[in-house]
Amino acid sequence: MPALVLLHGGGPGVDAASNWASVRAGFDGEFRCLAPDLLGFGSQIAGTGGLRGPRAWALARARQVLELLDHHGLDRVHLVGNSAAGGAAALALLSVAPDRVDRAVVMGGAGTGPLPPAVPFYDNPTKRSLRAVLGRLVADESVHEGLLDELTELRLKQALRPGAEAAFRSMFADVVGGPPPVDLAKITTPVLALHGERDRVQPVEVSERLAEALPHGQAHVVAGAGHWIHVDRPAEFVKLAGEFLST
């Protein structure tokens, strides 16, 4: 059974289990799935104080995934990377260790779009503001009210853990120097860039430009989905990703 590493997104208080709950069962029948908490989130906040800027975090997470593969004795895997945390980590891993990945799916622009104008949630760390942040991730909040309320409760606790705010703010730091950007033109791994038609976080054009820059990239727009394609269209997401990874 091929191995698949699921790399979650980067919102306040996120963890792997809650991020992938809507699709994990769909992948488990076809793949051996690993879904780690990425550095700076969930159980992986401690010891990340020296990282600043999105490129440094992406590279550190790529190294984290390599350590995970070595720990499990996996030579090659597939990747699914969600948005500016998991997607950017996936691209970084494809850059530094292309021999370890067969195929990859990334979502929501994979961190290649512009940084947000303000750090989400932490300037006003309330349940209401977090609920608003999460609401923007789906196409229609009314369809997911119960889930969004549940995630707000869970992620508020995690977002307010010691060290969580400092780590999160450092991910958006505009730093001079640091690791160079990933050279997309040198990534030879096949990559599918999925983007929700109704994404309110990043425009569809971000994923289209990403796919054009990758030698073996292709973009697919999921009709009716928001930034959280796997929540708005879980069955379609599993089908699209599974078929691409199994090609």
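Just the protein heavy atoms count here, and of the accessible area of the chain at 1.4 Å, carbon and sulfur take up 53 percent. Helices meeting the span-like rule in the chain (full DSSP H runs, Cα extent of at least 15 Å along the helix axis, mean Kyte-Doolittle score of -1.0 or higher): 54-71, 145-159, 234-245.
Taking amide H as placed 1.01 Å from N in the peptide plane, Val119 has no amide H partner under 5 Å among residues 5 or more places away or on another chain.
Once backbone amide H atoms are built at 1.01 Å from N, Gly196 has Gly108, Val222 as its partners under 5 Å, excluding neighbours fewer than 5 places away on the same chain.
Taking a straight line from the alpha carbon of Lys157, these lysines sit under 29 Å away, with near neighbours fewer than eight places off in the same chain left out: Lys127. Here Ser142 and Asp99 are evaluated by their C-beta separation; at R0 = 45 Å the FRET efficiency comes out at 0.45.
Distance between the C-alpha centres of the stretch 10-43 and the stretch 89-147: 13 Å, rounded to the whole angstrom. Here is how the number arises for the chain: DSSP H runs of 4 or more residues each give -39500 (n - 2.57), the sum is divided by the residue count, and the result at 222 nm is -11000 deg cm²/dmol. Placing a pseudo-label 7 Å from each Cα along the Cα-to-Cβ vector at Arg198 and Ser43 gives an inter-label distance of 3.6 nm.
For the residue pair Asp28 and Asp149, what label-to-label distance in nm results when each label sits 7 Å from Cα along the Cα-to-beta-carbon direction? It works out to 2.7 nm between the two label points. Which of rounded, prolate, oblate describes the chain, given a ≥ b ≥ c as roots of the alpha-carbon gyration tensor eigenvalues and a/c under 1.5 marking rounded, otherwise prolate only if a/b is larger than b/c? Rounded, since a/c falls under 1.5. Surface exposure of the chain, expressed per residue as accessible area with a 1.4 Å probe, stands at 45 Å².
Does the stretch 141-247 classify as rounded, prolate or oblate by the C-alpha gyration tensor (a ≥ b ≥ c root eigenvalues; a/c under 1.5 gives rounded; else a/b over b/c gives prolate, otherwise oblate)?
On the way: a/c = 2.18, a/b = 1.13, b/c = 1.94.
It comes out oblate by the Cα gyration axes.
Remark on Val77: its backbone amide H falls under 5 Å from those of Val101, Asp102, a criterion applied only to residues 5 or more positions apart or on other chains, H modelled at 1.01 Å from N. Highest GNM mean-square fluctuation among Ala56, Ala118, Ala90, for the chain modelled with Cα contacts below 10 Å: Ala118.
The values are calculated or read from the model by the stated rules, or taken from the named source; none is laboratory data. These numbers come from a predicted model, not from an experiment. In this analysis, Cβ positions are derived from the backbone assuming ideal geometry, glycine residues included, and neighbour counts consider all displayed protein chains. Ligands, DNA and RNA are stripped out before the accessible areas are found, and what is left, the full protein with its side chains, is counted by its heavy atoms. Shrake-Rupley method; radii C 1.70, N 1.55, O 1.52, S 1.80 Å.
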